[in-house]
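As structure tokens, the structure follows; a few thoughts come after it.
The values are calculated or read from the model by the stated rules, or taken from the named source; none is laboratory data. Since we're looking at a predicted model, the values are computed, not measured. When we count neighbours, we look across all protein chains shown, and the Cβ atoms used for this are built from the backbone with ideal geometry, even at glycine. Keep in mind that these areas ignore ligands, DNA and RNA; they rest on the heavy atoms of the full protein, side chains included. Shrake-Rupley method; radii C 1.70, N 1.55, O 1.52, S 1.80 Å.
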Amino acid sequence: MMEINIGGRLIGKNHPCYLIAEVGTTCMGDLGKALKLIKAAKDAGVDAIKFQVIDPSQLSDESVNYPVKTGEITTQVSMKDMFQKLVFDEATWAKIYKEAKSEGLDFFATVDYIEGVEMLDRIGVDAHKIGAWDSTYKQLIEAIGKTGKPMYADLGPTSEVEAHDIVDWYKKSGGETVLFMHDFHTIDDRQMNLRAINKLNELFPWPAGFSSPAQDADLDIAALALGAAYIEKRLILDRTDFAFHAHESLEPAELKAWVQRVRHVESALGRAVIEPSTADLEGSKKYYRSLCSVSDIRAGEVFTVENLGAKRPGIGMPTSMQNAVLGKKAVRDISINTLITPKDFS
């Protein structure tokens, strides 16, 4: 698996999981909220923040609606109106980018139109991203490939064949790194297929990641254990805001707790070795067994299974040495419950 460098941070098997705060819709097209989300993401301890650069005119059917869930209430909202509210001009995007970088966060965006790729390149992003619904948009993928920058790609409806198409289009256009994010748009556990992360790591030379679908961290922890090298989680300032994906997002304190949980589990995953901990090594001295007399033994008496057994602690001769001692004679009187040493027999 390749080691990938994004903004000076290394992503790959032997590096900390790269954590991304997704705020593309939850910034609500408000610069003030966007800047507050950047600070909240920094405080939470993530590595990067991701926005969305969307062109509302990409919709050919302006009547399409999208559900917005606030609490238990779901409202149908015009998708075009939603996209329109998320639009910033280039100067504003440059401010957002500059703020993110000043906070030590990598900045990138899901982009759905070619001119958006060009604009993001002008402000200096280190990587681009395509959403799941653009996995078959060849011209967009080729435009990103021409930048030569890494491209994140949500999978969602993408088949394995289509994933290979993405790589083919991107690489032929000059790109080198595709960072696939396993994601899905289902609530049916049986169709989530988190083991696809393993498959992605087998199929492609670049580390795979996971785009988290909801507030629940269980799937994120599973993805981490399965080898996700980066995870994206939605962030919102206040879940009562009337924003797309609000119900799937974490508030700042929750995101901070989520990062701590991920780092805790990540540390516990450790390395792929069978190796005892320091505490276990110390415990083995107390709780392993050693060769021990199980009755009084007189000098000259032969060691047998009747007078030689195994008892704790484990600081004496290992039990694997029992056959080497059986049949030997004791060179001194040995009382019951005495750990045997090589000096006790001949």
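Using DSSP to define loop residues, name the GluC sites (Glu not before Pro) in the stretch 277-341 whose beta-carbon has at most 12 other beta-carbon atoms within 10 Å.
Values: sites: Glu282, Glu301, Glu306; in loops: Glu301, Glu306.
Those that pass, being in a loop and sparsely packed, are Glu306.
Across all directions of projection, what mean area in square nanometres is found for the Cα convex hull of the stretch 1-52? Walk me through the numbers before you get to the answer.
Details: hull surface 16.4 nm².
Average projection, Cα convex hull of the stretch 1-52: 4.1 nm².
Accessible surface computed residue by residue for the stretch 1-106, with neighbouring protein chains in place and a 1.4 Å probe, gives 49 Å² per residue. Rolling a 1.4 angstrom probe over the protein heavy atoms with all chains in place gives the stretch 160-254 an accessible area of 45 Å² per residue. When a 1.4 Å probe is rolled over the protein heavy atoms, the share of accessible surface on the chain that falls to carbon and sulfur comes to 51 percent. Among Gly124, Ala228, Ala100, pick out the residue whose Cα is farthest towards the positive end of the charge dipole of the chain, where Lys and Arg carry +1 and Asp and Glu carry -1 on C-beta, about the Cα centre. Farthest towards the positive end: Ala228. Rolling a 1.4 angstrom probe over the protein heavy atoms with all chains in place gives the stretch 266-346 an accessible area of 68 Å² per residue. Computed from the Cβ-Cβ distance with R0 of 30 Å, the FRET efficiency linking Ser335 to Ser284 stands at 0.75.
For the chain, what number results from the quotient of the Cα radius of gyration and 2.2 N^0.38 Å?
Taking the Cα Rg and dividing by 2.2 N^0.38 Å, one obtains 1.47.
Using the alpha-carbon centroid of each, what span in Å lies between the stretch 137-215 and the stretch 226-282? Using only Cα atoms, the two centres lie 21 Å from each other. In percent, rounded to a whole number, the relative contact order of the stretch 203-346 is 17, using alpha-carbon pairs under 8 Å and six or more apart.
What do you get for Rg/Rh of the stretch 150-214 when both radii come from the Cα atoms and Rh is the Kirkwood radius? Rg/Rh: 0.97.
Packing around the peptides 45-51, 98-104, taken as the average count of other Cβ atoms within 10 Å per residue, puts them in this order, highest first: 45-51, 98-104.
Can you pull a Stokes-Einstein diffusion coefficient for the stretch 1-151 at 37 °C (0.692 mPa s), Rh from Kirkwood over Cα pairs, as a whole number of µm²/s?
Numbers: Rh = 16.4 Å.
Roughly 200 µm²/s, to the nearest whole number.
For the set Tyr113, Tyr230, the ranking by accessible area, highest first and with no ligand, DNA or RNA atoms included, is Tyr113, Tyr230 under a 1.4 Å probe. Placing +1 on the Cβ of every Lys and Arg and -1 on the Cβ of every Asp and Glu, with nothing else charged, gives the chain a dipole about its Cα centre of roughly 1960 debye. Taking other residues whose beta carbon is less than 12 angstrom from the beta carbon of Leu194, and scoring Lys, Arg as +1 and Asp, Glu as -1, yields -1.
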